[in-house]
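K.L.:
I'd like to ask you about the structure that follows.
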Amino acid sequence: MFLERVYDESLAQAAYVVACDHTNLAIVIDANRDIESCLRVAEHQKFQIIAATETHIHADFVSGTRELARRTGARLLLSVEGGPGWQYAFAGADSTLLRHGDSFDVGMLRFDVRHTPGHSPEHLSFVVTDRGMSERPVGMFTGDFIFVGDVGRPDLLERAAKQEGTMDGMARRLFKSLQSTKDLPDYLQLWPGHGAGSACGKALGALPSTTLGFERVANWAFQFADENSFVDEVLSGQPEPPGYFARMKSVNRGGPPPLPTFGALREAGAQAIQDAFHTGVTVIDVRPSADYAADHIPGTLSIPMGSSFATWAGTFVSESRDIMLLADDDDRLERARHTLALIGLDRVVGRAGRRARDEWQSEFGELERVEQVSVEQVADGDERAVIDVRGDAEWQEGHLPNARHYFLGDLIRKTRDLPHDTPIAVHCHGGTRASVAASLLQAQGFTNVANMSGGYRAWSNAKLPVERDEKPADV
């Protein structure tokens with residue numbers, strides 16, 4: 001058996017190329033929209049991809065399974081579990097529909113299908129046996145069911161897709177799915193669909209794989225014999241779901257489109273950026289937070305290219321609007337463009353860099369900046385209103401006295417009635433979300449916005465006073 005994990009850092013997401021090395025036949029599991037990386041693995045190893053499948057209808061990226069099957073002639077293997085609302089609309093004559101208890105072969109590899117709902121109603125896991133070696137199973141592809149140190153969150157139907165009243169039921173289904181693994185051996189290797197940084201759980205580990213036996217002793221979710229206690233724990237402390245998850249579910253259920261071909265982007269000057277603002281183009285500055293704070297074109301949205309770029313771009317950028325990217329190096333800009341495409345934001349129409357900022361100064365006036373204030377200045381009674389843009393769970397664990405809690409995703413709505421000359425110090429845990437928040441506030445017309453340097457981490461490290469609430473304050 002051949003196995004290669006194809007990992008995308010920007011999504012914290014894993015696809016798998018699995019092949020029978022006796023027959024050189026392969027299957028790809030959970031490919032994202034950029035299928036070229038999986039195709040390169042198969043080409044390099046001289047494998048023929050005969051099947052393409054996925055564990056569930058993904059919410060955090062555009063799936064590449066459909067396009068992979070089209071490009072290679074592979075058979076589509078799709079879940080038919082989950083009920084009427086969770087069927088693949090594009091499943092046709094080229095598809096095999098999978099149910100709990102089914103099995104299929106790829107050469108001498110046998111894949112046994114298990115319905116493991118909880119994260120989503122239709123979720124499947126695949127137990128693989130390498131019959132060239134043994135009739136005992138070697139591992140399981142768990143998708144968003146079991147992660148290293150965590151399990152898939154069961155609250156997304158309610159919190160992201162707005163299906164009210166589903167959280168409790170999904171959590172109970174997840175508990176039963178975990179209980180259903182009791183017949184599987186400790187030695188079974190587990191290959192999950194995400195790593196640390198994914199929003200599909202609350203505390204994912206960074207290891208690329210694990211074993212069922214290790215998770216049974218180390219994963220918090222396996223420590224509960226009582227269903228009600230498990231439900232309480234799995235639903236507590238879940239981070240706010242990114243704003244684009246519901247849209248991704250709809251795209252992937254209806255028929256995800258292929259990755260577009262990237263052509264050269266038009267280099268924009270200051271006038272073109274000014275025109276972009278007037279025509280509704282979203283202008284995103286993807287430079288590091290410190291660079292944005294030092295100088296930026298007024299009205300731009302700061303989303304630093306990094307591990308949370310997809311989360312905040314998906315939350316604040318509409319798929320119906322053109323996008324312009326600002327960066328000072330080509331690599332950062334191209335990575336941002338690629339990540340946007342992975343979540344279905346394809347309408348990038350231009351780019352700009354240092355030259356455009358210089359032109360702006362000569363043609364339209366001074367660049368904007370975000371003032372930096374230290375935690376000591378805030379603690380000593382700085383006159384600014386302190387706005388904490390972290391999530392609810394982070395707020396509950398500890399926050400600055402007298403701070404206002406406005407989760408970043410709700411910031412524009414929550415600050416709508418604040419006078420625009422209000423002096424503000426914004427912070428998150430470290431800095432990225434604060435940079436996004438400062439740019440949103442400035443774009444809304446707030447004239448006195450600063451960032452508390454180092455965020456809550458710096459405040460805590462300085463041993464400054466901390467308050468804790470049972471539930472988030474919403475002032």
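The values are calculated or read from the model by the stated rules, or taken from the named source; none is laboratory data. Since the structure is predicted, the reported quantities are computational estimates derived from the model, not experimental observations. Neighbour counts are summed over all protein chains in view; Cβ atoms, including those assigned to glycine, are modelled from backbone coordinates with ideal geometry. All accessible areas refer to the heavy atoms of the entire protein, side chains included, with ligands and DNA or RNA removed. Shrake-Rupley method; radii C 1.70, N 1.55, O 1.52, S 1.80 Å.
K.L.:
Determine if region 423-444 includes at least one residue that is open to solvent by 30 Å² or more (accessible area, probe 1.4 Å), within 30 Å of F245 (Cα to Cα) and in contact with a His (Cβ under 7 Å, 6 or more places away or on another chain).
P.N.:
Pass one, region 423-444, residues open to solvent by 30 Å² or more (accessible area, probe 1.4 Å): 423, 429-430, 432-433, 443-444.
Those left that are additionally within 30 Å of F245 (Cα to Cα): 429-430, 432-433, 443-444.
If we keep only those that are in contact with a His (Cβ under 7 Å, 6 or more places away or on another chain) as well, we get none.
So far as region 423-444 goes, no, none of its residues is open to solvent by 30 Å² or more (accessible area, probe 1.4 Å), within 30 Å of F245 (Cα to Cα) and in contact with a His (Cβ under 7 Å, 6 or more places away or on another chain).
K.L.:
With respect to G132, is the statement that it is touching a Cys at 6+ places or on another chain (Cβ under 8 Å), in a loop (DSSP other than H, G, I, E, B) and not aromatic (F, W, Y) true? Please lay out each step first, then the result.
P.N.:
Details: touching a Cys at 6+ places or on another chain (Cβ under 8 Å): yes; in a loop (DSSP other than H, G, I, E, B): yes; not aromatic (F, W, Y): yes.
Spelling it out, G132 is indeed touching a Cys at 6+ places or on another chain (Cβ under 8 Å), in a loop (DSSP other than H, G, I, E, B) and not aromatic (F, W, Y).
K.L.:
I've got another one for you. Quick one: which residue in L184, L156 is farther than 26 Å from V18 by Cα, open to solvent by less than 40 Å² (accessible area, probe 1.4 Å) and not small (G, A, S)? Break it down stepwise before answering.
P.N.:
Details: L184 fails: farther than 26 Å from V18 by Cα.
So the residue among L184, L156 that is farther than 26 Å from V18 by Cα, open to solvent by less than 40 Å² (accessible area, probe 1.4 Å) and not small (G, A, S) is L156.
K.L.:
Now a separate question. Identify all residues within region 446-467 that are open to solvent by 30 Å² or more (accessible area, probe 1.4 Å) and more than 28 Å from the chain's Cα centre (by Cα); write none if there are none.
P.N.:
Residues satisfying the conditions are T447, N448, N461, A462, K463, L464, P465, V466, E467.
K.L.:
Across region 354-377, what is the total count of residues that are part of a helix (DSSP H, G or I), closer than 22 Å to Y406 by Cβ and open to solvent by less than 20 Å² (accessible area, probe 1.4 Å)?
P.N.:
Keep residues of region 354-377 that are part of a helix (DSSP H, G or I), which gives 354-364, 375-377.
Next cut, closer than 22 Å to Y406 by Cβ only: 375, 377.
Now narrow it down to the ones that are open to solvent by less than 20 Å² (accessible area, probe 1.4 Å): 375.
Matching residues across region 354-377 total 1.
K.L.:
From the list G201, G205, G197, G213, exactly one residue is touching a Ser or Thr at 6+ places or on another chain (Cβ under 8 Å) and among the small types (G, A, S). Which is it? Spell out the reasoning first.
P.N.:
On the way: G201 fails: touching a Ser or Thr at 6+ places or on another chain (Cβ under 8 Å); G205 fails: touching a Ser or Thr at 6+ places or on another chain (Cβ under 8 Å); G213 fails: touching a Ser or Thr at 6+ places or on another chain (Cβ under 8 Å).
Selected residue: G197, the only one of G201, G205, G197, G213 that is touching a Ser or Thr at 6+ places or on another chain (Cβ under 8 Å) and among the small types (G, A, S).
K.L.:
Moving on to the next point. With the checklist (1) in a loop (DSSP other than H, G, I, E, B); (2) of a type outside the set (A, V, I, L, M, F, W, C); (3) under 24 Å from the mean Cα position of the chain (by Cα); (4) surrounded by fewer than 15 Cβ atoms within 10 Å (Cβ to Cβ) in hand, flag the one item D410 doesn't pass.
P.N.:
(1)
K.L.:
Residues that are under 24 Å from D346 (Cβ atoms) and either in contact (Cβ under 8 Å) with a residue 40 or more places away in the chain or open to solvent by less than 60 Å² (accessible area, probe 1.4 Å) (or both): which strands (runs of 3 or more DSSP E) entirely in region 1-112 hold 3 or more of them? Give the derivation first.
P.N.:
Working: elements: 2-8, 13-20, 25-29, 48-53, 75-79, 95-98, 103-106.
The strands (runs of 3 or more DSSP E) meeting that bar are 2-8, 13-20.
K.L.:
OK, next. Answer yes if at least one residue in region 153-176 is under 15 Å from H119 (Cβ atoms), of a type in the set (G, A, S) and free of Cβ contacts under 8 Å to residues at least 60 places away in the same chain, and no otherwise. First the steps, then the outcome.
P.N.:
Taking region 153-176 first, the residues under 15 Å from H119 (Cβ atoms) are 153-161, 163, 166-176.
Among the residues that remain, those that are also of a type in the set (G, A, S) are: 160-161, 169, 171.
Now narrow it down to the ones that are free of Cβ contacts under 8 Å to residues at least 60 places away in the same chain: 169.
Yes - at least one qualifying residue is present in region 153-176.
K.L.:
Is it the case, given these coordinates, that A203 is surrounded by 21 or more Cβ atoms within 10 Å (Cβ to Cβ), at pLDDT below 95 and not in a helix (DSSP H, G or I)?
P.N.:
no
K.L.:
I'd like the full set of residues that are part of a helix (DSSP H, G or I) and either in contact with a helix residue (DSSP H, G or I) (Cβ under 8 Å, 6 or more places away or on another chain) or under 20 Å from E397 (Cβ atoms) (or both), limited to region 413-456. Break it down into steps so the answer makes sense when it comes.
P.N.:
So the first thing to find is which residues in region 413-456 are part of a helix (DSSP H, G or I), and the list is 413-414, 432-443, 455-456.
Across region 413-456, the qualifying residues are T432, R433, A434, S435, V436, A437, A438, S439, L440, L441, G455, Y456.
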